[in-house]
Structure formats: structure tokens, C-alpha cells
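Step one of this worksheet: look at the structure below.
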Amino acid sequence: MIKYYEEPAKQIPVLIETDILVVGSGPSGLSASIVAAREGVDTVLVERYGCFGGVISQVGVEGIAWYRHEKTVEANGIGNEFEKRAAEFGGTAPEPQSESEAIDAEMFKVVADVMVSESGITPILHCWAVGVIVENGVIKGVITESKSGRRAIMAKRVIDCTGDADIATLAGGPYTKGPKDKLMAVTQMFSCRGVDREKFEKYVREKLKPTYKDWGGKSWGQSDATGNKDIDLFSPFIESPFYQAQVDGYIPKEENIFLGGTWSTLSPEGDATQLNMIFMRHIDCTDVWDLTRSEIAGRRNALYAIKALNRYVPGFEKARLRNFGLTLGTRESRQIEGKYRLTEHDVYNQARFEDSIGIFPEFIDGKGHVTLPTTGRYFQVPYGSLVMKAVDNLLVAGRSISGDEIAHCAFRNMMCCAVSGQGAGTAAVVSLKTGVTTANVDIRMVQDLLKRRGVRIH
């Protein structure tokens, strides 16, 4: 039985008023706020942690475009700019399985700071949106909590880039979420120091020889054009040492936790970063109890993983922990019910939409599906998948836009989050400047502005 406490009514001071408020600063939130501010619109970006960047800087995922190959076709928007600006700061290295750059998670904190400042965004860190202000079906702002207390931020347009559709849910918008045992795993990312890079690379090259075929249980050939052509491509994947360590009793095996996965950058100094090797299943990342258990279990199992690497992997004999990600890497929770719901058929069959706000390659990763974009195929992202059904002037961008579970395995990827974020920010700008709501914005004007800013939408 749930117990309740009745909170006394009180006046809430207004922290700031703005034209556009973006909540959440991952690739979608950064993209949305940067494009809005660059168009001369007063923009506020609110982030619950102490740095911008979301899954890049907070979780430690370096491969914003790890799917990219020679024939990959992309939207070429703000997401690609993140890569280029990070490289200018010396904060990238060649991503090991693609034609892209791995972004240094720590350096990207500074890259994001600079891009936010240059754009003229008003930044607010260490601030959590906990409520919404909705009048007659139109959002007017959000309620926040921070060290400054409970405050309101009033805004003419709000863009939910929280990843979990937090603002849309608080506003009463409909959404879908799979049962806990069907949701994609969460991950504790970690990095090591003290790795003998040459010795490890020799082991990979001469003995491990990993390919996408090693991704056990995955389904290939979902579309006629892709087949199983990609399974023999190199993938920095390692699993057998963890299995052997558990068989030998050297490390324990915990229920619903899988050890094994990928690495990213191997530095000359002996750092191995983005060790994506801890997968925890049956976790609802909108449940505080599940999040608490996963954070603790993830760190514990990362140490088990390092112990196994020390014993069974050449080059890792003297490796030790460098750092954990600031928070868990989460993949799936709520998807809003928007005006259009992207489908598996859409992403596998090059869907085209009159209200497209960008394109994304035919790249699917999750729910047992893996398809790499090596053929030039792509689908369009419709504006309707960002538009709330129940609340106006509230847009959603990132991995919680409207779509089914397989479409989500495409649009959840960071570069596609940047595509939807840029589309949302642009639509919010056009709606403000033309005096209409986001639900009634002239999509042709949105598309024209996106194209002028170098985005491929068709």
C-alpha cells in the first residue's frame, strides 16, 4: 500500500523566463539548444549533473558514430560538429571499428561548455526538473529542484531531452514502456590504466580475431539489402575470458548480469577507455530502487571484469581501474505516443516522410538485431515522432521519441538523437518566429531552415 504526504501549497519563485527551455544536455539536448540559440532565440539549457554531454561525458560512451562505414549516408548536422570540435581540442582518437572518431569523454565536457557558451545559451547545471506547468493543454514551464531550492522556469517552448520522457510524462502525455524483463540492459562503463597496448593488440590480431559474428544471439539479415554481409567485419568484442573466469571459479557469476562486450580507445599511455562490458538485465531505469541496485552491482562487477582481464587477457596483466562512468548507461525506458510512431518496417525499408527533419542510416543495434549501414540505405525521421499528442508547445527529442521497440534500436543512437534534437530546436524557433504552436508549425519552413544549416532531410 502506497502512503502519501500532502505537500502544503506555496509560492514558487521564478528562476528565469525564456523563449525556449531545453531539459537534458545529451546529444539531443545540446543540438536542440545550440541551434535555437544560434538563431538568436533566448534559450536555457537545464542539466541535472555538473557537466553537459549526456551519454558521452557522463556515461563515457565515445563512439558517437561507431556505425560509420564507407557508404554510410548521414544528415551531417550538429552531431557531426561534435566530432569535429572535439578533434580540434585534441579530444578524439580513431574509433576502432568504423570511419569515425572516438570522443574523449572528459575532454567533451569542455567541448560542450565551449559550444554552449559560443552559442549564447543560458546554462543551468545541477538542476533537476521535477514538475511541469501546463495551462489548457499548453506547457508554460517546469518546476525545478536544486541547491537554490524549488524554482520555476517559465518558457514559451519546452523540449524534453531527458532520455526518459520525464517532462512529457509529468505533463500527462501518453507513452509506452516495455515490461522490465524485456527492456534493454543497462551498463556500468569503466576504463582501465596500465594496459600494454602492443601486447593486447597482438593478442587481438593473432588469437582473438573478433568479428560481429561473436555477438552471440544476434539476428542478421532483417532487410533484403543487408543480409548477413557484415558479420565478418572486425568488432572490438571480447567475451570468452569472462566466461572462462566464471567457469574456473575465479570470479562469481551473478544472476541477470552478463560480462563481455567491447573496448574503444587504447592510448599509448596504457589507458583502455569505454570498456562496455557490464550488462545488467531486468532493470527499469525510471525506478530509483533499480537504479540504486544497478549502480552498486555495476561497480562490483566491473572489478570482477578487471580481475578476469588481469588473469586471462595478454596485455591486461597489470591493468587496474582508472575510472567509472559518472552514471549508468541506460538504453530504453519510455517512448512517447506522438503524432507518428516510427516502426521496424520504416527503419528497414528506407521510409520517406513529407515532414522529415533529418535522415539516419539503416543502423539498428538492440533487441537481438544488428544491421550496419554499409550499403548507403537510410530512413527519414518524421517531425510527427517528436510531437506530443496531449500537450502543445512541448517537443520531445532523443531516445524517447515515438516509435516501436525495433525502431527505437535505431533512433536511440547518439547521432540520431542529435538529428531529432536539431529538428526539435529548429521547429521551436520557427514556431516562435511565426507565432504558431509547435503542433501547427509550417514544416516546410522548418525544413528550409534545416537545409540552410547544412542538414540533409531527404
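The values are calculated or read from the model by the stated rules, or taken from the named source; none is laboratory data. No experiment lies behind these values; they were computed from the predicted model shown. Using ideal geometry, Cβ is built from the backbone for each residue, glycine included, and neighbour counts are taken over all protein chains shown.
Observations, loosely collected:
- Residue, surrounded by the fewest Cβ atoms within 10 Å (Cβ to Cβ), within the stretch 381-402, restricted to residues that are hydrophobic (A, V, I, L, M, F, W, C) and in a strand (DSSP E or B): VAL387
- Where PHE279 falls short, out of the listed (1) touching a residue at least 60 places away in the same chain (Cβ under 8 Å); (2) over 23 Å from PRO236 (Cα atoms): (2)
- Residue pairs whose Cβ atoms lie under 7 Å apart, sitting 6 or more positions apart in sequence or on different chains, and linking a residue in the stretch 19-32 that is over 10 Å from GLY398 (Cβ atoms) to a partner that is outside any loop (DSSP other than H, G, I, E, B) and polar (S, T, N, Q), are ASP19/THR43; ILE20/THR43; VAL22/SER33; VAL22/THR43.
Residues checked against (1) outside any helix (DSSP H, G or I); (2) aliphatic (A, V, I, L, M); (3) touching a helix residue (DSSP H, G or I) at 6+ places or on another chain (Cβ under 7 Å):
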residue	(1), (2), (3)
LYS253	yes, no, yes
CYS285	yes, no, yes
ALA308	no, yes, yes
LYS318	yes, no, no
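- The condition of being assigned by TED's automatic domain parsing to the domain that holds ARG38, surrounded by fewer than 21 Cβ atoms within 10 Å (Cβ to Cβ) and modelled with pLDDT under 95 holds for only one of GLU81, GLU106, GLU118, GLU70, that being GLU70.
Here's the yes/no breakdown for (1) in a loop (DSSP other than H, G, I, E, B); (2) at pLDDT 95 or above; (3) acidic (Asp, Glu):
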| site | (1), (2), (3) |
| --- | --- |
| VAL114 | no, yes, no |
| PHE200 | no, yes, no |
| LYS213 | no, no, no |
| GLY217 | yes, no, no |
| GLY221 | yes, no, no |
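- Every condition in (1) farther than 21 Å from HIS282 by Cα; (2) not assigned by TED's automatic domain parsing to the domain that holds GLY29 is met by GLN188 except one, and the failing one is (1).
- Residues of the stretch 117-156 that are in contact (Cβ under 8 Å) with a residue 40 or more places away in the chain and part of a helix (DSSP H, G or I): SER119 alone.
- Under the condition of being within 19 Å of GLY368 (Cβ to Cβ) and either in contact with a Gly (Cβ under 7 Å, 6 or more places away or on another chain) or not aromatic (Phe, Trp, Tyr) (or both), the residues counted in the stretch 334-348 number 7.
- Evaluation of LYS389 against the conditions (1) at pLDDT 95 or above; (2) farther than 12 Å from PHE411 by Cβ; (3) among the charged types (D, E, K, R) shows that the sole unmet condition is (1).
- Total residues in the stretch 268-283 satisfying the condition of being surrounded by 20 or more Cβ atoms within 10 Å (Cβ to Cβ) and more than 12 Å from ASN301 (Cβ to Cβ): the figure is 5.
- Test: PHE379 is closer than 22 Å to TRP66 by Cα and without any contact (Cβ under 8 Å) to a residue 40 or more places away in the chain: yes
- Among the candidates GLU70, GLU62, residue that is touching a helix residue (DSSP H, G or I) at 6+ places or on another chain (Cβ under 7 Å), among the acidic types (Asp, Glu) and assigned to a loop (DSSP other than H, G, I, E, B): GLU62
- Residue within the stretch 166-179 that is among the β-branched types (Val, Ile, Thr) and over 23 Å from GLU17 (Cβ atoms) present: yes
- For the stretch 371-394, the set of residues classified as under 22 Å from the mean Cα position of the chain (by Cα) and either within 20 Å of GLY163 (Cα to Cα) or not assigned by TED's automatic domain parsing to the domain that holds ALA165 (or both) consists of VAL381, PRO382, TYR383, GLY384, SER385, LEU386, VAL387, MET388, LEU394, listed by residue number.
- Any hit, the stretch 25-48, residues being among the aliphatic types (A, V, I, L, M) and over 21 Å from ALA424 (Cα atoms): no
- The set of residues in the stretch 372-387 being of a type in the set (S, T, N, Q) and closer than 22 Å to GLY178 by Cα consists of SER385 alone.
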